[in-house]
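**Q** I'd like to ask some things about the structure below.
Read-outs throughout are calculated quantities, based only on the coordinates presented, and are distinct from any laboratory measurement. These numbers were taken from a predicted model, which means no experiment stands behind them. Here Cβ is always computed from backbone atoms with ideal geometry, including for glycine, and neighbour counts include all displayed protein chains.
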Amino acid sequence: MILRKTVVTEAKVGSDPTGRGVRNREVRLLLAGCSVLAGATLFFSGCATRETAAPTTLKDAFRKDFPIGVAINQRQFTGQDTNGVAIIVAQFDSISPENALKWDSVHPRPGTNGYNFAAADAYVAFGEKHHMLIVGHTLAWHNQTPRWVFQDANGRPLQRTNAADRALLLQRLHDHIQTVVGRYRGRIQIWDVVNEALNDGGSLSDTNLLRQRSPWVRILGDEFIVKAFEWAHEADPDAILRYNDYSIENEPKRKRLIALIKMLQAEHVPVMAIGSQTHANLTWPSAELEDAALTDIEQLGLPIHITELDVNASQAGQRSQSADVSQNVPAGGGGVADLANQKLAGQYGSLFRVFLKHRKNIKLVTFWGVTDRDSWRSFGKPLLFDGEGKPKECFQAVIRTALNAPGKLN
Ligand code: XIL
């Protein structure tokens, strides 16, 4: 109980608005992650003097605000994609594993011999080699989790009504978290512990808090969330533990997020940061909606991380606000919107103006991919670098937004 109390207090301190008052673990960590890199870039570009030389990289432009991260894939962390590696190292402070640490990648088969750490080890080694802030993604999710996890040894689906089934699933979750988080203890600094557990329904009258179709929810209810955070904290007491979800800009889902996190906080569950995926399109979220959502979420007193930023510019992608993996195939139809590059630049500029407004509480902004060719929504050309790795108009817009933000030159 005492331990849990400490965690909650510490997480609150993590949102210290100045980042100067209390040198808490998170602030130290994030600053440390940047300063190592600052030394190198400073040497080449004199980037620390924002006033005299315009920074040309993302990480320099936001040096005083928040670290900038990117999700990377196997060809990047193994060094095959040399072009991609050059961009990652030049532009970003932090990395997230696009797929390498998901359950089906790291733990494809049951049992203690069922783990495969080849990709995850290479991912972490890449981050260490380049002195980056390293994120782990993700421990409990309904997607990219092998079917055996939710079945008994004979392939029978585990049932909520069966106590032995529930105990088996909890045991598996415990072993997975202990093994994976434990292996990278002190090396992965931030974990997405629970991903996308909230009910997606778009109506306020839909009172289900959690995603009923998730096998985690179906079999264990909210217990898996509580346990996942507790076990992750046991496995690495220094890691920052996030709850991560998409479309939390929309009011019904945001209200559910706030209710869930308040419930966890009341139980002293060590949830330490909110991850907002922010899979956007050209018009959603508007600046007003993003601002309102961040303001609302700030009442939780936790740091906010933008975890999977991209802006879908496909025609069909303008109709959907879902980042549900299964719904992002239809979101690709119709070609790219007219004047897509200009509109992307406008939307990216608008989102970053809001992030900067909330920079007291935003502690990390991560893009979901390096170039348009790598992106999970490549049809929507959603990133700052084109398929060849050249910076797009939206890249310049993001840099300009950083430079023009009020109160930057102090
Ligand atoms: C996506 C990856 O980018 C794809 O390569 C993979 O095929 C499916 O998952 N929310 C998340 C991410 O939390 O893990 C998802 O990543 C995108 C939506």
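**Q** Take each of the peptides 224-230, 127-133, average the number of other beta-carbon atoms within 10 Å over its residues, and list them starting from the highest.
**A** 224-230, 127-133
**Q** A follow-up question, please. Gap in Å between the Cα centre of segment 363-410 and the Cα centre of segment 285-320?
**A** 15
**Q** Another question, if that's okay. Mind scanning LYS129/LYS343; LYS262/LYS363; LYS253/LYS357; LYS262/LYS343; LYS227/LYS363 and naming the pairs with a C-alpha gap bigger than 31 Å?
**A** In this structure, LYS129/LYS343; LYS262/LYS343 lie more than 31 Å apart at Cα.
**Q** Find the relative contact order for segment 2-404 and round it to a whole percent, using C-alpha pairs within less than 8 Å whose residues are 6+ positions apart.
**A** 17
**Q** Which net charge results for the neighbourhood of GLN74, defined as the other residues with beta-carbon distances under 14 angstrom from its beta-carbon, given Lys and Arg at +1 and Asp and Glu at -1?
**A** In short, -3.
**Q** For TRP284, TRP368, what's the fewest-to-most ordering of other Cβ within 10 Å of each Cβ?
**A** TRP284, TRP368
**Q** Can you give me the Cα centroid spacing of segment 215-267 and segment 107-172 in angstrom?
**A** The distance from the Cα centre of segment 215-267 to that of segment 107-172 comes to 17 Å.
**Q** A further question follows. Relative contact order for segment 176-237 using alpha-carbon pairs under 8 Å, separation at least 6, rounded to a whole percent?
**A** 50 percent.
**Q** I would also like to ask the following. Quick one: 3J(HN,Hα) in Hz for segment 214-226, Karplus 6.51/-1.76/1.60 with θ = phi - 60°, rounded, Gly and Pro as x.
**A** 3J(HN,Hα) across segment 214-226, in whole Hz: 6, x, 4, 5, 4, 8, 10, x, 7, 4, 5, 6, 4.
**Q** List the residues whose amide H sits under 5 Å from the amide H of GLY275, counting only those 5 or more places along or on another chain, with H placed 1.01 Å from N in the peptide plane.
**A** The answer is TYR243, ASN244, ASP245, HIS305.
**Q** What distance in nm separates the two pseudo spin-label positions at ARG160 and ASP206, each 7 Å out from Cα along the beta-carbon direction?
**A** Here the modelled spin labels are 1.7 nm apart.
**Q** Lys and Arg at +1, Asp and Glu at -1: add these up for the other residues within a Cβ distance under 11 Å of PRO146 and post the number.
**A** Residues close to PRO146 contribute a combined charge of +3.
**Q** Tell me, ASP238, ASP165 in order of fewest to most beta-carbon neighbours within 10 Å?
**A** Ordered by Cβ neighbours within 10 Å, fewest first: ASP238, ASP165.
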